[in-house]
Amino acid sequence: MRDDLFEKSLCDSATCRKSAVVLFVGSPLIFNDWILRVAASESDDLDVRRHEDLASADPARLAREGALRLVVVEESHFHELARRLGEARQPEGPISWVLAYRNPALAREVLRQRQEGGPLQEVRLLPMNAPIGVWASMFRLTLWGDFFVPCELLARRAEAAPPAPAAVVPTPALCEAGLTPRETEVLELVARGGQNKVIAHRLGLSEHTVKLHIHRIITKVGVRNRTAAARWYLSRVAAPGL
């Protein structure tokens, strides 16, 4: 459902006359009121809305009405977005799609499809782990039609870092285990031989946080230690370079 309370807080129904809609599709934990207010502040003509999923957002209808400018989709809806764009027989109007990501593997998959062709070849990227001021600048560029590649997706690896993830998209087995995108990212690096210190540096986390993630992963997948968790992961994920 659309977050009507947020929309009412932005403007009074009698005075608000917005001409361009920006949809944020995902959890209010990710797209909180502060994020939406920052987005709305970028232009006086923006009607910023939040929906839990693409079905309730109905971007095709808004596009037909000529009101839709941008759809920002949380990474947990990655598969739904890829399926929707893959099944589309024709463009759903002038919709600009954006993947709001924390997991670099998903962002790299978008980059691969932009280079090689695929359902996501027109999708832009918006990192959600950036400071709010930096995020606002990135959103502004995206809003006005620019495509940029965050440096974390292009930076050379440090010698101590494990090899870069090869665009692994979560499989049904990972979803069924209840692993979060961050836990999947940590487990992927564990499976590549990364030690806690290296993983922490790579993901911008503390070693303590990495240890907590690994503990939760071991519990969720039902194994005894990180080595067994790595074997569990490798047996369920088929990705080049693993």
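The values are calculated or read from the model by the stated rules, or taken from the named source; none is laboratory data. Since this is a predicted model, take the numbers as computed values, not measurements. Cβ atoms come from the backbone with ideal geometry, glycine included; neighbour counts cover every protein chain shown. The accessibility values were calculated without ligands, DNA or RNA, using every heavy atom of the protein model including side chains. Shrake-Rupley method; radii C 1.70, N 1.55, O 1.52, S 1.80 Å.
For the stretch 80-109, taking the residues that are within 16 Å of LEU70 (Cβ to Cβ) and of a type in the set (A, V, I, L, M), the one that is modelled with the lowest pLDDT is identified as ILE95. Selection of the stretch 42-58 for residues being in contact (Cβ under 8 Å) with a residue 40 or more places away in the chain and surrounded by fewer than 19 Cβ atoms within 10 Å (Cβ to Cβ) yields GLU42, SER43, GLU52, SER56. Before we move on, is GLU109 more than 23 Å from VAL38 (Cβ to Cβ), touching a residue at least 12 places away in the same chain (Cβ under 8 Å), open to solvent by 40 Å² or more (accessible area, probe 1.4 Å) and touching a Leu at 6+ places or on another chain (Cβ under 9 Å)? No: the conditions fail for GLU109. VAL72 passes every criterion in (1) modelled with pLDDT under 80; (2) closer than 24 Å to GLY133 by Cα; (3) open to solvent by less than 20 Å² (accessible area, probe 1.4 Å); (4) not small (Gly, Ala, Ser) apart from (1). Among the residues of the stretch 190-236, the one identified as among the aliphatic types (A, V, I, L, M), part of a loop (DSSP other than H, G, I, E, B) and open to solvent by less than 40 Å² (accessible area, probe 1.4 Å) is VAL223. Residues that are at pLDDT 85 or above and surrounded by fewer than 15 Cβ atoms within 10 Å (Cβ to Cβ) within the stretch 130-139 comprise just one, SER137.
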